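Peer 1: Below: one structure in structure tokens.
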Amino acid sequence: ATERTLSIIKPDAVAKNAIGDIYSRFEKAGLRIVAAKMLHLSQAQAEGFYAEHKERGFFADLVAFMTSGPVMVQVLEGEGAVAKNRELMGATNPKEAEPGTIRADFATSIDANAVHGSDATESAAREISYFFEESDICPRG
Ligand code: CMP
């Protein structure tokens with residue numbers, strides 16, 4: 001089915017000037033970028049986005065990293081977009097990411113891991129609505 005997923009290019013990959021390379025991977029895999037914006041997340045925005053992790057030991061480091069520089073946030077649309085984006089990203093920990101994945105090629109640690117992608121269609125809907133109004137999205141079938 002055609003799905004939407006939320007993708008974030010994190011501060012490390014933005015700083016490496018890798019936005020275009022990563023967008024090209026999405027597009028070559030058949031995912032369409034149907035909404036996008038660059039943001040420098042506030043502490044409150046980052047904490048709210050990652051609220052499900054607030055009891056985890058890595059939460060403070062995660063929020064500090066995600067607010068350390070601008071991020072590029074986009075909605076990707078396409079057949080099986082959630083799983084397809086997760087395949088393109090590779091494992092959360094870049095040491096475990098398959099060669100040729102975004103994290104294998106750009107990530108340096110589990111925190112500075114280049115990209116975020118929704119893990120299921122339900123979280124995708126919540127994460128998309130965290131950053132975008134429905135009217136911000138330009139579906140292209
Ligand atoms: P992301 O997909 O953005 O979702 C939560 C982030 O927390 C994750 O990517 C990692 O960058 C970061 N993180 C740091 N430590 C861990 C950990 N032990 N397990 C999962 N995520 C972690």
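Peer 1: Give the long-range amide H neighbours of Glu3: residues separated by 5 or more places, or on another chain, with amide H under 5 Å away, using H modelled in the peptide plane at 1.01 Å from N.
Peer 2: Here the answer is Gly78, Glu79, Gly80, Ala81, since their amide H atoms fall under 5 Å of that of Glu3.
Peer 1: Here's a follow-up. Kindly provide the Kirkwood hydrodynamic radius of the stretch 1-121 in Å, to one decimal, from all pairs of distinct alpha carbon atoms. Please list the in-between numbers first.
Peer 2: Values: mean 1/r = 0.0696 Å⁻¹.
After inverting the pairwise mean of 1/r, the radius is 14.4 Å.
Peer 1: Scan the chain and report its longest stretch carrying no GluC sites (Glu not before Pro) that are both in a DSSP loop and have at most 10 other Cβ atoms within 10 Å.
Peer 2: Values: sites that count: Glu55, Glu133.
The longest uninterrupted stretch comes out as 56-132.
Peer 1: Residue by residue, what Karplus-based ³J(HN,Hα) values in Hz, rounded to whole numbers, does the stretch 107-117 have, using 6.51, -1.76 and 1.60 with θ = phi - 60° and x for Gly and Pro?
Peer 2: Result, rounded to whole Hz: 7, 10, 7, 5, 7, 7, 10, 6, 8, 10, x.
Peer 1: Here is a further query. Loop sites only, by DSSP: take the trypsin sites (Lys or Arg not before Pro) in the chain that have at most 13 other C-beta atoms within 10 Å and name the longest stretch containing none of them.
Peer 2: Working: sites that count: Lys54, Arg56, Arg140.
The segment 57-139 is the longest one with no such site.
Peer 1: What are the aspartates and glutamates whose alpha-carbon lies under 19 Å from the alpha-carbon of Lys28, with same-chain residues fewer than 8 places away excluded?
Peer 2: Output for Lys28: Glu3, Glu77, Glu79, Glu87, Glu98, Asp105.
Peer 1: Here's something else I'd like to know. Near Lys10, which lysines are there with a Cα under 20 Å away, not counting those fewer than 8 places off in the same chain?
Peer 2: Counting by Cα, and skipping residues close in sequence, Lys10 has these lysines nearby: Lys37, Lys54, Lys84, Lys95.
None of the figures in this text is laboratory data; all of them are computed from the coordinates on show. Please read all numbers here as calculations on a predicted model, not as lab measurements. So basically every Cβ, Gly included, is an ideal-geometry build from the backbone, and we count neighbours across all protein chains shown.
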